[in-house]
Amino acid sequence: MRVVKALARAKINLSLDILGKRSDGYHELETVMQSVSLSDELVFRPAAKVSLTVSDPDLAVDESNTVLRAVRRLQEVAGSDRGVEIFLEKRIPPGSGLGGGSADAAAVLVVLNRWWGLNLPLPALAEIAADVGSDVPFCLTGGTALVRGRGERVSPLPPLPAARILLAKPPVAVATAEVYRCFRAEAAGRRPETGKIIAAVKNGRIHQLPSAWGNLLEKVAFELLPELAEAKKWLQNYGLPVLMTGSGPTLFALLPEGFRQTREVRMALAEKGWWTHLGRLTGKGVAVRTCRKGGKESGEKTAGTD
Ligand code: C5P
């Protein structure tokens, strides 16, 4: 009996620009997304029915869960009622702007597309992904990409070096829909220079990113959660380039080579109840391992580049 394990990697937005409001109520985005080493783990086992268990008891295990939504969409498209037992080890904090739910859904689509023998090509899988959530199409392949539209137009960019990053999330949440709802283009502040970001990515010049980056949702999120603005300033006083990811509330900092105060920074944030994580940029979205029950894991199959 086969068991399949998948790592579903979180994402950050190296820039996030909003070009306007769409007729479907969503916002037209131009964003550079980047996979990071922080991941959830999903374990898939054969079963007659669909079931999901989650390590985090606070997480809803109903049809609002992106994992189950992805399974159902795949069943509908394939006209199949095949089952699967899924265990989700949650390590990406929910509601953090790190795309955890989207990464989980992407892992489900990648694994079951193969496991159920559907073998849908990537464009067809990406269409299903977009149905599940705006960030899911990116998470299917991951790495570094320019993402446009509602999130469904994904253009891969060359991989960046595995630079170290610090993720920091306050002990408060803010709903994505609420942040977008409060967004006003005229009051959003300086827009990111996406062309410069893309050029810096293509040249592998990570240190050039911060002078061009920006997240148009920062101002709204900072108004809703003033401690975010304070924390950003505080981190910047350490000489760190800092940006909010997605609709927040997680901030990320690019750690320069030789930065020695990581421990001090993490301890100070932990004292205020913040969650922190030390990770790296990665070129992988979903990484899949197949294991024989009681046997060894076979080689890693990866969607996305190394
Ligand atoms: O698609 P997803 O469920 O991730 O989006 C959550 C919410 O974020 C949407 O209901 C919408 O309010 C907002 N959103 C948006 N424009 C986007 C992506 C998300 O307005 N491009």
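Every number here is computed from the coordinates shown, using simple stated rules; none is lab data. Given the structure is predicted, the values throughout are model-derived calculations rather than measurements. Ideal geometry is used to build each Cβ from the backbone, glycine not excepted, and the neighbour counts take in all protein chains shown.
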ask   = Each residue of segment 175-184 in order: what ³J(HN,Hα) in whole Hz does its phi give by Karplus 6.51 cos²θ - 1.76 cosθ + 1.60, θ = phi - 60°, with x for Gly and Pro?
value = 6, 3, 4, 5, 5, 4, 5, 7, 5, 10
message = If you fit an axis through the alpha-carbon atoms of helix 226-236 and take the longest principal axis of the Cα set of the chain, what angle between them do you get, 0 to 90°, nearest 10?
response = 70 degrees
message = So for each of 103-113, 151-161, 44-54 I average, over its residues, the number of other beta carbons within 10 Å; can you give me the resulting order with the highest mean first?
response = 103-113, 151-161, 44-54
Share of alpha-carbon pairs per 5 Å distance bin for segment 164-280, given as whole % = 2, 11, 20, 23, 19, 15, 8, 2, 0
request  = Would you calculate a helix-derived [θ] at 222 nm for the chain, using -39,500 (n - 2.57) for each DSSP H run of n ≥ 4 and dividing by the full residue count, to the nearest 500?
outcome  = -9000 deg cm²/dmol
inquiry  = Sorted from largest to smallest, which semi-axis lengths in Å does the alpha carbon gyration tensor of the chain give for its equivalent ellipsoid, taking the root of 5 times each eigenvalue?
reply    = 32, 21, 19
request  = Distance between Cα centroids, segment 101-167 to segment 1-76: provide it in whole Å.
outcome  = 9 Å
ask   = By how many degrees, 0 to 90 and rounded to 10, does the Cα axis of helix 262-271 deviate from the longest principal axis of the chain?
value = 80 degrees
Bridge type composition, the chain - antiparallel percent by DSSP, nearest 5 = 90 percent
query = Magnitude of the Cβ-charge dipole of segment 59-164, K/R +1 and D/E -1, about the Cα centre, nearest 20 debye?
reply = 360 debye
remark   = For the chain, the longest principal axis of the Cα atoms and the Cα long axis of helix 100-115 enclose an angle in degrees, to the nearest 10, of 30 degrees
request  = Rounded to whole Hz and in sequence order, give me ³J(HN,Hα) for segment 189-198 from the Karplus expression 6.51 cos²θ - 1.76 cosθ + 1.60, θ = phi - 60°, writing x for Gly and Pro.
outcome  = x, 5, 8, x, 9, 4, x, 5, 4, 4
ask   = Using unit Cβ charges (K, R positive; D, E negative) and no other charged atoms, how large, in debye to the nearest 20, is the dipole of the chain about its Cα centre?
value = 800 debye
message = Charges at C-beta only: +1 for Lys and Arg, -1 for Asp and Glu. How large is the resulting dipole of segment 164-280 about its Cα centre, in Debye rounded to 20?
response = 380 debye
inquiry  = With θ taken as phi - 60° and the coefficients 6.51, -1.76 and 1.60, list the Karplus ³J(HN,Hα) couplings across segment 120-129 in order, rounded to whole Hz; mark glycine and proline as x.
reply    = 5, x, 3, x, 5, 5, 5, 5, 5, 4
ask   = Sorted by mean Cβ packing within 10 Å, highest first, what order do the peptides 200-208, 244-252 take?
value = 244-252, 200-208
Beta bridges per DSSP with both ends in segment 28-142, % antiparallel, nearest 5 = 50 percent
note = Amide H contacts under 5 Å for L19, restricted to residues at least 5 apart in sequence or on another chain and with H modeled in the peptide plane, are E28, L29, E30
message = Let me check I have the definition right: for segment 9-134, take the eigenvalues of the Cα gyration tensor, multiply each by 5, take square roots. What are those semi-axes in whole Å, largest first?
response = 25, 18, 13
